[in-house]
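Take a look at the structure set out below.
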Amino acid sequence: MNAGDPHPPLSRSLVGSWRLTSRVDVTAEGRRHPDPALGEHPVALLIYDRGGHFAAQFMKRDRSTTGPVAAAPGFNNSRAQDGYDAYFGEYRVDDATGEVWQRLLGALSKENVGMELTRAMRVDGDT
């Protein structure tokens, strides 16, 4: 693919700094499960570099109504604390499926260190 390709592979187009538009788990049956600690549209910054490193920070938009910390995080999610979550580590991309695997080397919640998260991601232009 050349530099002017309008649809570069995810592994190339993901590199950079991103603001998250939504964060929702979807079951195999198609049922939506927004993260109860952060909401469906948290304020978030995601950074992916060319060397396979990433950092992510998420904050519930209205932290004045944060609830108690859940006993366990949702499937494939880390544990937020008081409406905030942050972690960093290494990532790899499967361009064929659009899946991104992230291994957490550091995290706000100590039990999340070493966790592996799989995300379905897509980049459309600068979104």
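Below, the figures for the structure above:
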| read-out | value |
| --- | --- |
| Hypothetical label at residue 126: residues of the stretch 15-30 whose amide nitrogen lies under 16 Å (7 Å Cα-Cβ projection) | 15-21 |
| Phi-based couplings in Hz for the stretch 48-55 (Karplus 6.51, -1.76, 1.60; Gly and Pro marked x) | 10, 9, 5, x, x, 10, 9, 9 |
| Inter-label distance, nm, simple model (7 Å from Cα along the C-beta direction), residue 105/residue 31 | 3.8 nm |
| Karplus-derived 3J(HN,Hα), 6.51/-1.76/1.60, for each residue of the stretch 121-127, Hz, glycine and proline x | 10, 8, 10, 10, x, 9, 10 |
| Note, ³J(HN,Hα) from phi for the stretch 89-103, Karplus 6.51, -1.76, 1.60, rounded to Hz, x at Gly and Pro | x, 10, 9, 9, 10, 9, 5, 5, 9, x, 8, 10, 9, 10, 9 |
| Structure-based [θ]222 nm, the chain - -39500 (n - 2.57) summed over DSSP H runs of at least 4, per residue, nearest 500 | -500 deg cm²/dmol |
| Under-5 Å amide H pairs with residue 25, H placed in peptide plane, nonlocal only | 33, 35 |
| Surface/4 estimate of mean projected area, convex hull on alpha-carbon atoms of the chain, nm² | 8.3 nm² |
| Highest average packing first - 34-46, 99-111, Cβ atoms within 10 Å | 34-46, 99-111 |
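FYI, it's all coordinate maths here, none of it is from the lab. No experiment lies behind these values; they were computed from the predicted model shown. Every residue, glycine as well, gets a Cβ built from its backbone with ideal geometry; the counts of neighbours run over all protein chains shown.
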